[in-house]
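To start, the structure itself, in structure tokens.
The values are calculated or read from the model by the stated rules, or taken from the named source; none is laboratory data. Quick caveat, the model's predicted, so the values are computed rather than measured. Virtual Cβ from ideal backbone geometry, glycine too; neighbours counted across all protein chains shown. Each accessible area value is taken on the protein alone, full model and side chains, heavy atoms only, with ligands, DNA and RNA left out. Shrake-Rupley method; radii C 1.70, N 1.55, O 1.52, S 1.80 Å.
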Amino acid sequence: MAAIIEGIGLTKRFGFGDAAVVAIDSVDIHIEERELVMIMGDSGCGKTTLISLLGCILTPDSGELHIDGEEIDLNGQDLSLIRRQKIGFVFQLFHLLPYLTALENVMVAMDIAKTDTSEAENRAIELLTRVGLSDRLHHRPAQMSGGEKQRVSFARALANRPKVIFADEPTANLDSRQSDNLMNLIQELRQEHQTTVVIVTHHEGLKENADRIVYMKDGKVIAS
């Protein structure tokens, strides 16, 4: 399979001068189409920073990034456009808008991408139904369990038909049953939507779900 994401010599520092911290240190990484890759390592090793670079949330201080066969001009291109068109994100703390319903939280991703309102509503209903939330369309986050909120997050991430979904510790706030259910759902959605999924996790019990595991330590990839 072809690489959908490739990072070459990615480096990211935070801070300046003697106080600068190298969060990502000359990382080479490739992720193939339709893979489910898990990035693992101790807290603070750079996992979240790495997916933020690969997903165009952060820009590296040096290195190259290729997405879907295209080298990204990290200084000249509209990175928000790339995120809208090709990338979906699922966050540990859900990042749902508390005053919006589940339906509206999924629709807002398509509103940003300027999708027609009627089309956006139909797709949001379709996705929420697929993740088992057809009876929660008009519930706000405070009215939903952690597992339900994470399912809304995945529906939102799929809204614009991304090539890749990055999920940062998606099971961290779920119990073991909810974690198992979510991983089963992720596997099903990956197959149905032909989407690549990259998961940051420290949860050893999830390893059996991965096609490949990338291990990090001190900002470096030490095994892949």
One residue is enough: does segment 94-113 have a residue meeting the conditions crowded, with 20+ Cβ neighbours inside 10 Å, of a type in the set (S, T, N, Q) and in a helix (DSSP H, G or I)? yes
Which pairs do you get when a residue that is polar (S, T, N, Q), found in segment 82-98, comes within reach of a residue that is in a strand (DSSP E or B), reach meaning Cβ atoms under 6 angstrom, with the pair 6+ apart or on two chains? 92/168
Looking only at segment 57-77, how many residues end up being touching a strand residue (DSSP E or B) at 6+ places or on another chain (Cβ under 7 Å) and closer than 13 Å to residue 87 by Cβ? 5
Output yes when any residue across segment 11-20 is among the basic types (Lys, Arg), assigned to a strand (DSSP E or B) and surrounded by 15 or more Cβ atoms within 10 Å (Cβ to Cβ), and no when none is. yes
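Results for (1) open to solvent by 30 Å² or more (accessible area, probe 1.4 Å); (2) more than 15 Å from the chain's Cα centre (by Cα); (3) among the small types (Gly, Ala, Ser), shown as yes or no for each residue.
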{"residue": "51", "(1), (2), (3)": "no, no, no"}
{"residue": "65", "(1), (2), (3)": "no, yes, no"}
{"residue": "68", "(1), (2), (3)": "yes, yes, no"}
{"residue": "85", "(1), (2), (3)": "yes, no, no"}
Considering only residues that are within 15 Å of residue 222 (Cβ to Cβ), in a loop (DSSP other than H, G, I, E, B) and open to solvent by 80 Å² or more (accessible area, probe 1.4 Å), which ones fall in segment 21-44? 42, 44
If I filter segment 173-209 down to residues being closer than 19 Å to residue 92 by Cα and among the acidic types (Asp, Glu), which single residue comes out as surrounded by the most Cβ atoms within 10 Å (Cβ to Cβ)? 180
